[in-house]
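Below: the structure, in structure tokens.
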Ligand SMILES: Nc1nc2c(ncn2[C@@H]2O[C@H](COP(=O)(O)OP(=O)(O)OP(=O)(O)O)[C@@H](O)[C@H]2O)c(=O)[nH]1
């Protein structure tokens, strides 16, 4: 749990999360923008494609209406030119086979709107169309019109009629000729039924009043469509041609393409569900999302590996600091040659550690050195003596220890003052150090008490020479500020006899020897062996 917690808060985790977030942002951002652009382009392409399909359908209907109108006009002109009375029109109509193909029925009406001829049924019931708008319009305009779709009184079918005015030889109106188109008959709708947009798109035709002229669902023919803003009808009637987004009654989003017909006030529309219109785009989108997800995973993995690799020097630096703190390594492990930030950090740590090491050394020096003389102090001596004894025990060579006390030092202090006493102590130390080998250990124990440890003694007589040498070193008067001063010293020397002799043993023996020298009048040395009861007075 704790490990998991530290992973979450690790720099590595944060960087990796950042990398993934950036990749996601960039991926989704650029992918999304590309998809949007592509979708918008594709929408234009599809809409244009559908509009061209619709233009073809519109041209077909326009041509069909024009041909029918032309046919009706030709028959009307023939009637008018021949000055045929209304009662002879029935016979003439029956001679024109093409009328049967073009129209569901062709009728003639007199000026009162009464039926006078019917191509398909001579005995058709005598209907009156005087109140029909297309009848009135034809008489008023004295030219042919196309009616709004309506339910035929004769056939009961939804129809649209084309009219032409009939005239006598003098050019006076005598009635109208009317060609009916059955909106449910294949001759009108078959071609449109075949024109479909995809599997679930369809064509429809509405009049300017929003009445449905054609719809694949035949029940909707003659229905007045909802022309509220946002509906298919409103969109279709909105402009001459174009495309826009729409919604079906059941909320299905559709691409709506529409075009106004040339021959009449109808608009042909095409409703194409977005789902199938953009099926290829949607599949591209899915694949793009999948690709982005895979890319994100791969980027995350690479981000993790790269971050891990990049941060490796930081981990090493951390381990080095820990190792140095624990004393397992020294500061040379820092990689100060690196040129990057980790190099800067390593160099900073190196410098910091160097300063700390120097401070520690200084602290150690202060703790183990006698400030006045610069010799080892008592603490250091206590540490060094057992080491020297251990070395002697290993090599089998005796260890010698000389304990020194300046004779009547108190008198120097008392007569010449403390600073003169200090001067004597300093000069005494200098001469003492000069009289012995550099490998011998010289320390100031306290006040005017000094000690020397001798190692690797070749013979016990060597200590005699050393005693003499020290006495001789002090022989010349000390040059003090107050003038020259004789300084003498008493030396008690002890020698180890067995490897088991301890620091206390040899100190005690040296002390005994020193006591002996003092008792004998000072300014001399005596040698004692550890374990011996008698001090051998030498001088
Ligand atoms: N100037 C000076 N005096 C010190 C220092 N440390 C201790 N003393 C003095 O050294 C003297 C040591 O006196 P002792 O060793 O007891 O007396 P002594 O006169 O040497 O007598 P013997 O050793 O018996 O000859 C004392 O008076 C201390 O005050 C120091 O650092 N500087």
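None of the figures in this text is laboratory data; all of them are computed from the coordinates on show. As the structure is a computational prediction, the values presented were derived from the model and not from experiment. Don't worry about glycine lacking a Cβ; one is built from the backbone with ideal geometry, like all the others, and counts go over all protein chains shown.
With an 8 Å Cα cut-off and a minimum separation of 6 or more residues, compute the relative contact order for the stretch 369-537 in percent.
26 percent
Could you list 409, 109 so that the one with the fewest beta carbons within 10 Å of its beta carbon is first and the one with the most is last?
409, 109
For an R0 of 51 angstrom, estimate the FRET efficiency from the Cβ-Cβ distance between residue 415 and residue 323 and round to the nearest 0.05.
0.30
Just the number, please: percent antiparallel of the DSSP beta bridges in the chain, rounded to the nearest 5.
The answer is about 90 percent antiparallel.
Once R0 is set to 41 Å, what does the formula 1/(1 + (r/R0)^6) return for the Cβ-Cβ distance between residue 245 and residue 131, expressed as a FRET efficiency to the nearest 0.05?
So the FRET efficiency works out to roughly 0.45.
May I ask for the distance between the Cα centers of the stretch 467-519 and the stretch 247-303, given as a whole number of Å?
109 Å
Starting from the alpha-carbon convex hull of the stretch 29-76, give the projected area averaged over all orientations, in nm².
About 3.0 nm², averaged over all directions.
Using Cα pairs under 8 angstrom and six or more residues apart, how large is the relative contact order of the chain, in percent?
9 percent
Work out, step by step, the length gained on full extension between residue 298 and residue 155: first 0.36 nm times the residue separation, then minus their alpha carbon distance; give nm to one decimal.
44.3 nm
Show log10 I(q)/I(0) for the stretch 281-419 at q = 0.14 Å⁻¹, two decimals, from a solvent-free Debye sum over equal Cα scatterers.
-0.93
Roughly how tilted is helix 312-325, in degrees to the nearest 10 and between 0 and 90, from the longest Cα axis of the chain?
Between helix and principal axis, roughly 20 degrees.
For the stretch 335-414, what value does the Rg/Rh ratio take when both radii are computed over Cα atoms and Rh is the Kirkwood radius, given to two decimals?
That ratio is 1.28, to two decimals.
Roughly how tilted is helix 341-368, in degrees to the nearest 10 and between 0 and 90, from the longest Cα axis of the chain?
Roughly 20 degrees between the two axes.
Give the relative contact order (percent, whole number) for the stretch 83-186; include only Cα pairs under 8 Å separated by 6+ residues.
Reported as a whole number, the value is 27 percent.
Any idea what log10 I(q)/I(0) is at q = 0.11, 0.14 Å⁻¹ for the stretch 369-537, Debye with uniform C-alpha scatterers and no solvent?
-0.42, -0.68
If I model a spin label at residue 124 and residue 371 as a point 7 Å from the Cα along the Cα→Cβ vector, what separation in nanometres do I get?
In this crude spin-label approximation the distance works out to 13.7 nm.
Quick one: angle between helix 279-310 and the longest Cα principal axis of the chain, in degrees between 0 and 90, rounded to 10, please.
Long axis of 279-310 versus the principal axis of the chain: about 0 degrees.
Given R₀ = 25 Å, FRET efficiency for residue 360-residue 335 by Cβ-Cβ distance, to 0.05?
The computed FRET efficiency comes out at 0.65.
How many nm is it between the label spots at residue 276 and residue 472, if each spot is 7 Å from the Cα in line with the beta carbon?
Between residue 276 and residue 472, the simple spin-label model gives 12.6 nm.
Given the rule -39500 (n - 2.57) for each run of at least 4 DSSP H residues, summed and divided by the residues of the chain, what is its mean residue ellipticity at 222 nm, to the nearest 500 deg cm²/dmol?
-16500 deg cm²/dmol
Could you calculate the contour length gain from residue 11 to residue 390, that is, 0.36 nm times the residue separation minus the distance between their Cα atoms, to one decimal place in nm?
Result for the pair: 131.2 nm of gain on full extension.
How much length, in nm to one decimal, is gained on full extension between residue 141 and residue 481, taken as 0.36 nm per residue of separation minus their Cα-Cα distance?
Between residue 141 and residue 481, full extension yields 107.5 nm more.
In nanometres, what is the gap between the two model label sites at residue 305 and residue 224, each 7 Å from Cα along Cα-to-Cβ?
According to this spin-label approximation, the distance is 7.2 nm.
Compute the label zone of residue 430 within the stretch 461-491: residues whose backbone N is under 15 Å from the point 7 Å along Cα-to-Cβ.
473-485, 487
Stokes-Einstein diffusion coefficient for the chain at 37 °C in a medium of 0.692 mPa s, Rh from the Kirkwood formula over Cα pairs: what value in µm²/s?
Once the numbers are plugged in, D ends up at 92 µm²/s.
Going by a ≥ b ≥ c, the root eigenvalues of the Cα gyration tensor, does the stretch 83-186 fall in the rounded group (a/c under 1.5), the prolate group (a/b larger than b/c) or the oblate group?
In terms of gyration-tensor shape, oblate.
From the Cα gyration tensor of the stretch 352-468, with a ≥ b ≥ c the square roots of its eigenvalues, which class applies: rounded if a/c is under 1.5, or else prolate if a/b is larger than b/c, or else oblate?
oblate
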